[in-house]
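A short reminder: the numbers here are calculations on the coordinates, not readings from a lab. Fair warning: this is a prediction, and the values are worked out from it, not measured in the lab. Virtual Cβ from ideal backbone geometry, glycine too; neighbours counted across all protein chains shown.
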């Protein structure tokens, strides 16, 4: 699941992303800053499954942000300054819409 999430977010899309190297599929986002993930759960979804999916989402964003930090600042994400952290979060904002049915 994590790799599918990353593929959706890390997409060249319209070609306006100078740090994206995605495949440009039509089903992916146009730009990482415009990527909105929608999570729909059923009331009977187990807490374990819900948390597992949340962990996959978090891992996908963490990996994309770490790659951005390496490529942009030549640093590990843990070595970034506060300004670099903000730039990294701005490049890959975690945008999630959750609904229950």
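A few comments on the model shown:
- Here the sum of -39500 (n - 2.57) over DSSP H runs of 4 or more residues, divided by the residues of the chain, equals -14500 deg cm²/dmol at 222 nm, to the nearest 500.
- In nm, spacing of pseudo-spin labels at residue 58 and residue 45 (7 Å Cα→C-beta vector): 1.6
- Relative contact order, percent, the chain [alpha-carbon distance under 8 Å, six or more residues apart]: 32
- With Cα atoms, 0 to 90° folded angle of helix 47-73 axis to the chain main axis: 10
- Sorting the segments 29-41, 61-73 by their mean number of nearby beta carbons within 10 angstrom, highest to lowest, gives 61-73, 29-41.
- The order of 47, 10, going from fewest to most other C-beta atoms within 10 Å of their C-beta, is 47, 10.
- Cα gyration tensor shape for the chain, rounded if a/c is under 1.5, else prolate or oblate: oblate
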